[in-house]
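Below you will find the structure I want to go over with you.
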Amino acid sequence: MPQKNTSTTSRSGHHRKSPVVPSPTVTIYQNPDHVSGILQQLYRLPLAKGDTVEGSGTHERTVDRKAEGSGEAKSKFGLFGIGADAAARLGSAVGDSSLDSTSGKTTSVWEYTQAYYLHIVRETLRENGLLRSISCLSDAKGLEVGELVEYTTEFTPDQTAVFLDILTPELVAEIVRYRIKRQAINGFDQWHNFEAQQAYVAKTEYRINAEVDLARAVALAVRTDFRSDGTREVFGHLVDTDEENAVTAITICDSSHFTVQDTDRIFDGRFTVLGKVTSGIALDRPALDRNKLLSFVPAEDVDRLMDQLNEKLDENMEEASEKGHPSFDFGLDSRVGGASFKVVPIAIYL
């Protein structure tokens, strides 16, 4: 993260450097349990939730009041029948003083927030050489499980997750329903009497219900196996000027720890990640290694399966394009190309 180096000038004109202060952060993702746990381990002290400061004091003030007489005598009789001159002299001789005393107590409550904890964690990790900065493959060489790392990157979503976000069980069911109905309409004219047509319609409805239910169940099972709504993988491509020195940071986020409601905010710019390495450098890592079912299938077989799927998708898109329908590139990769490592993020910020 960028740091700001401030300076001040003394009265004598000498230039004096101020301490380097890390740039303040804005957090879009933070696991408070991880941050609090690291902080307590670093200082071996309980976590302070806040401070209560009480203050009290007494303020005293002396007030002098003095009556003075002045003016000319309008009459020979003055105040209470006393002559005006005598009343003026009497008033000037009378004085009064009093002591005002006030006391009170103030209470201030200071709260330590997660932003403060994160600031202390980052600062302490850097001071003790426990935080490894990664910007390319050269920096990531020799990464070990458990190391604390920090990297800045733009993220891209998991292709399979995006595909499954679109291809929901409900959409799959409607596609199957439409395909069977279209086939049934083309064959409806072969029946010339009403009874045969009614039987054909009833049989078609039965087939539709059976195949739609099966398609929905299969799509739901695949969706459950391939992805979880509680976690999501995002990919950060780290590279300097040489593409051969690139490395991908596979960042596995818990959806509940995003500090913003829109979890897609992570794709809106360039962010910094503080996290712990869960898997070191690997080349051409299988993209579906977190999949519960396909993780038991040899990676080469998964490659062939994905190639066949991509070929079928390409054929369908070409056919749609020839008919004037919009086409999309649904190509799915079976592997994370090149070098990659996995990280569980503690915080993501900018």
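Heavy atoms of the protein only, probe of 1.4 Å, neighbouring chains included. What is the accessible area of residue 116 in Å², nearest 10?
110
Here's something else I'd like to know. Quote the FRET efficiency, to the nearest 0.05, computed for residue 135 versus residue 224 with a Förster distance R0 of 22 Å and r equal to the Cβ-Cβ distance. Display every interim value, and only then the final one.
On the way: r = 37 Å, r/R0 = 1.67.
Computed FRET efficiency for residue 135 and residue 224: 0.05.
A follow-up question, please. So how long is each side of region 226-267 along the principal axes, counting just the alpha-carbon atoms, biggest first, in Å?
36, 24, 12
Between residue 51 and residue 242, what FRET efficiency comes out of the Förster formula 1/(1 + (r/R0)^6) with R0 = 45 Å and r the beta carbon distance, rounded to 0.05? Intermediate results must be reported in sequence, preceding the final value.
Working: r = 51 Å, r/R0 = 1.12.
The pair residue 242/residue 51 has a calculated efficiency of 0.35.
Then there's this: Mind scanning 49/276; 49/105; 141/276 and naming the pairs with a C-alpha gap bigger than 21 Å? List each step's numbers first, then the result.
Values: 49/276 25 Å; 49/105 23 Å; 141/276 15 Å.
With Cα atoms farther than 21 Å apart: 49/276; 49/105.
Then there's this: Using the basic label-point model (7 angstrom from Cα toward the beta carbon), what is the residue 185 to residue 264 distance in nanometres?
3.2
For region 47-53, in order, what is each residue's ³J(HN,Hα) by Karplus, 6.51 cos²θ - 1.76 cosθ + 1.60 with θ = phi - 60°, in whole Hz (x at glycine and Pro)?
Coupling constants for region 47-53: 6, 7, 7, x, 10, 10, 10 Hz.
Here's something else I'd like to know. In whole Hz and in residue order, list the ³J(HN,Hα) couplings for region 138-155 that follow from phi through the Karplus curve 6.51 cos²θ - 1.76 cosθ + 1.60, θ = phi - 60°; x for Gly and Pro.
Working through the residues one at a time gives 4, 5, 8, 4, x, 4, 10, 4, x, 5, 8, 10, 9, 8, 10, 6, 9, 9 Hz.
Once you put a point 7 Å from the Cα of residue 282 and another 7 Å from the Cα of residue 217, both along the Cβ direction, what distance in nm separates them?
Once both label points are built, they end up 3.3 nm from each other.
Is there a quick way to get the dipole size of region 121-197? I mean about its Cα centre, with the Cβ of Lys and Arg at +1 and of Asp and Glu at -1; what is the value in debye to the nearest 20? Walk me through the numbers before you get to the answer.
Numbers: 8 positive and 13 negative charges, 60 e Å.
The calculation lands at about 280 debye.
Work through the residues other than residue 154 whose Cβ is under 11 Å from its Cβ and net out their charges, Lys, Arg +1 and Asp, Glu -1.
On the way: positive: 270; negative: 268.
Around residue 154, the surrounding residues sum to 0.
Moving on to the next point. 7 Å from Cα along Cα→Cβ at both residue 210 and residue 256: what's the point-to-point distance in nm?
4.3
Please find the FRET efficiency linking residue 109 to residue 167, where r is the Cβ-Cβ separation and R0 is fixed at 56 Å, and quote it to the nearest 0.05.
Working: r = 52 Å, r/R0 = 0.93.
Once rounded, the FRET efficiency stands at 0.60.
The values are calculated or read from the model by the stated rules, or taken from the named source; none is laboratory data. None of the values given here were measured: they were computed from a predicted structure. Positions of Cβ are generated from backbone atoms using ideal geometry, with glycine treated the same way; all protein chains shown enter the neighbour counts. Keep in mind that these areas ignore ligands, DNA and RNA; they rest on the heavy atoms of the full protein, side chains included. Shrake-Rupley method; radii C 1.70, N 1.55, O 1.52, S 1.80 Å.
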